[in-house]
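Worksheet: the structure to be examined is printed underneath.
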Amino acid sequence: GRMRALLRAYRTLVRRIRETPPDLCVLIDFPEFNLRLARVAKRAGVPVLYYIGPQVWAWRRGRVRKIARRVDRLAVVFPFEPELYKGRLPGVEFVGHPLLDRVGITRGREETLRLHGLDPERKTVLLLPGSREKEIDSLLPRLLDAVRRMGASGGYQFPLALAHTLSREHVDAWVRRAGAGVDVPIIAGDTYNLIAAADIALVTSGTATLECALLETPMVIVYCVSPLTALVARLLVRGVRHIGMPNIVAGHEVVPELLQGDVNGARIVAAARGILDNPERRAAMIVNLREIRHRLGRGGAAGRAAAI
């Protein structure tokens, strides 16, 4: 159904661009759709501004050439991106990351924990298992195994921040399936305050890793896909040493990453305890996360894109 809706939208937009060419075509993210639309606009003589460019640093660099042919100006949100287009597309500008305008807290740690029935005296391990059901089905059972192992030693609490794209029932079914000894309160609508209140987050690779970085919360990044998807990724990805955005922005491993077969309860616990039980390492990680925030620019990214 979603694909049919996208196809209808694409055909409608193509028809309008060809029949009544606009003065400017502004494309935002979503390269699978927008790069096709950019080609149509370019052929119709319509200038194209692309905001939040495709992740060309991860995929085949041939995409840089494709973008350069189809786009007039590119507003990017990571500081290392303009260099990737050097010599091919001069109109590339780093405008900062839009998350800087969105990520923030409204209350302190103790108030947040007490509001959700949590104990400020205990270490808080926040679960951020993803925003799609596929991620939940793949990763949440492994995270809950880590909860079982860590919870046995006491002194920890394990809230789960529910993404607005997920149903509580779907996530709760996995928590109930984990059985006795796994106490995971599911909390919706307060993700940023929970991230800021947590001692560490166990987080699925994606936007949430940047949200944790901006709130300076130490984390362990987990990511697991099907064997076929992993094989395709290995064939396509070139020269990328990390999968977590905080590490990509920093240019080195600031926070640990567990991928594929390494995503299991024992390894997750070892990575988390390696941070929680080492105050010096945790403090150094927070300093590095602060530097990542600095690298992502300042607020007002959309305004600077609009100015272009």
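The values are calculated or read from the model by the stated rules, or taken from the named source; none is laboratory data. This is a predicted model, so every value here is computed, not measured. Cβ sites come from the backbone with ideal geometry, for glycine too, and all protein chains shown count toward neighbours. Keep in mind that these areas ignore ligands, DNA and RNA; they rest on the heavy atoms of the full protein, side chains included. Shrake-Rupley method; radii C 1.70, N 1.55, O 1.52, S 1.80 Å.
Values computed for the structure shown
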item: Residue match in the stretch 95-115 (condition: closer than 20 Å to Tyr51 by Cβ, at pLDDT below 95, open to solvent by less than 90 Å² (accessible area, probe 1.4 Å) and in contact with a strand residue (DSSP E or B) (Cβ under 9 Å, 6 or more places away or on another chain)); result: no
item: Where a residue in the stretch 144-172 is touching a residue at least 12 places away in the same chain (Cβ under 8 Å) and open to solvent by 20 Å² or more (accessible area, probe 1.4 Å) and its partner, wherever it lies, is β-branched (Val, Ile, Thr) and assigned to a loop (DSSP other than H, G, I, E, B), with Cβ under 6 Å and at least six apart; result: Arg148/Val182
item: So Glu211, is it assigned to a loop (DSSP other than H, G, I, E, B) and within 24 Å of Val77 (Cα to Cα); result: no
item: Test: residue in the stretch 80-89 that is of a type in the set (Phe, Trp, Tyr) and buried (at least 17 other Cβ atoms within 10 Å of the Cβ); result: yes
item: Some residue of the stretch 52-69 being buried (at least 19 other Cβ atoms within 10 Å of the Cβ) and within 18 Å of Glu211 (Cα to Cα); result: yes
item: Scope the stretch 174-195; condition in a loop (DSSP other than H, G, I, E, B), among the β-branched types (Val, Ile, Thr) and in contact (Cβ under 8 Å) with a residue 40 or more places away in the chain; matching residues; result: Val184
item: Unmet criterion (only one of (1) modelled with pLDDT under 95; (2) in contact with a Lys or Arg (Cβ under 8 Å, 6 or more places away or on another chain)) for Leu214; result: (1)
item: Matching option when the condition is touching a residue at least 60 places away in the same chain (Cβ under 8 Å) and either aromatic (Phe, Trp, Tyr) or within 24 Å of Ile243 (Cβ to Cβ) (or both), among Val56, Val64, Val103; result: Val103
item: Residue pairs meeting the criteria (Cβ under 6 Å; at least 6 apart or on separate chains; first closer than 16 Å to Gly251 by Cα, in the stretch 291-308; second open to solvent by less than 50 Å² (accessible area, probe 1.4 Å) and assigned to a helix (DSSP H, G or I)); result: Ile292/Ala213; Ile292/Pro246; Ile292/Val249; Ile292/Ala250; Arg293/Leu214; Arg295/Val249
item: Residue among Ala230, Ala266, Ala271 that alone is modelled with pLDDT of 95 or more, open to solvent by 10 Å² or more (accessible area, probe 1.4 Å) and farther than 25 Å from Pro120 by Cα; result: Ala266
